[in-house]
């Protein structure tokens with residue numbers, strides 16, 4: 001994601017100065033504890049304020065930007081959340097939590113064009129299973145089933161049929177789209193990889209089938 005926060009370097013320099021001038025102020029751990037408690041009791045306005053004080057004093061603390069963004073999202077303010085998350089992304093561009101929350105903020109703000117473009121660019125640049133899964137999941141949330149399927153199939157190919165998450169994601173996508181035949185095939189492939197997984201076994205039973213070793217299907221991406 002090509003996101004930039006102007007003035008961040010200057011703000012970080014200021015934070016270094018402020019860090020040595022905190023006499024008479026609450027400690028950052030104390031403020032963070034207060035913010036986390038406010039989140040726990042769903043006092044989101046207080047959480048925003050508390051995290052905001054930490055960010056003002058230490059703008060490089062990306063975890064506190066995540067906390068404030070989560071509070072904003074809980075308040076139904078995705079635009080404000082996105083502002084903090086874009087800055088957090090410049091600090092931690094490979095952090096899964098940052099990318100996931102930023103995508104959520106884009107989705108909830110209705111900016112589906114940016115959501116698709118940024119997640120696609122991120123997946124193509126990093127070309128990791130997780131990034132394609134994320135792209136597929138959010139395209140499904142956005143109602144674009146074709147893009148979701150392409151992204152999840154890419155994740156499955158990169159994974160080479162070695163882990164259950166791409167198979168299960170495809171199964172759930174097909175099932176929600178009403179394609180029970182494809183859904184069942186992917187559940188069978190997931191069963192092959194995780195035969196004792198209760199969720200997979202229950203999903204197969206709910207489709208009227210009996211899970212077991214002979215019902216499992218080798219993932220198509222394993223080849224052979």
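Brief remarks on what is shown
- Packing-based ranking, highest mean first, of 29-42, 133-146 given that Cβ atoms within 10 Å are counted: 133-146, 29-42
- Label of the coordinate-derived value, semi-axes √(5λ) of the Cα gyration tensor in Å, listed as [x] 32, 17, 17; [y] 64, 17, 11; [z] 41, 19, 16: [z]
- Rounded to 0.05, the FRET efficiency of the residue 207 and residue 37 pair, given R0 = 41 Å and the Cβ-Cβ distance, is 0.40.
- Relative contact order (%) - criterion: Cα under 8 Å, at least six apart; region: the chain: 12
- Remark on segment 135-217: ratio of C-alpha radius of gyration to 2.2 N^0.38 Å is 1.03.
- Spatially, segment 182-224 and segment 101-154 are offset by 26 Å when compared through their Cα centroids.
- Structure-based [θ]222 nm, the chain - -39500 (n - 2.57) summed over DSSP H runs of at least 4, per residue, nearest 500: -22500 deg cm²/dmol
- From largest to smallest, the equivalent ellipsoid semi-axes obtained for segment 92-165 from the alpha-carbon gyration tensor read 19, 14, 10 Å.
- Peptide ranges 203-211, 79-87 listed from the most packed, as the mean C-beta count within 10 angstrom indicates: 79-87, 203-211
- Extension reserve of the residue 121-residue 26 stretch, reckoned as 0.36 nm per residue once the Cα distance is removed: 30.1 nm
Every number here is computed from the coordinates shown, using simple stated rules; none is lab data. Given the structure is predicted, the values throughout are model-derived calculations rather than measurements. Every residue, glycine as well, gets a Cβ built from its backbone with ideal geometry; the counts of neighbours run over all protein chains shown.
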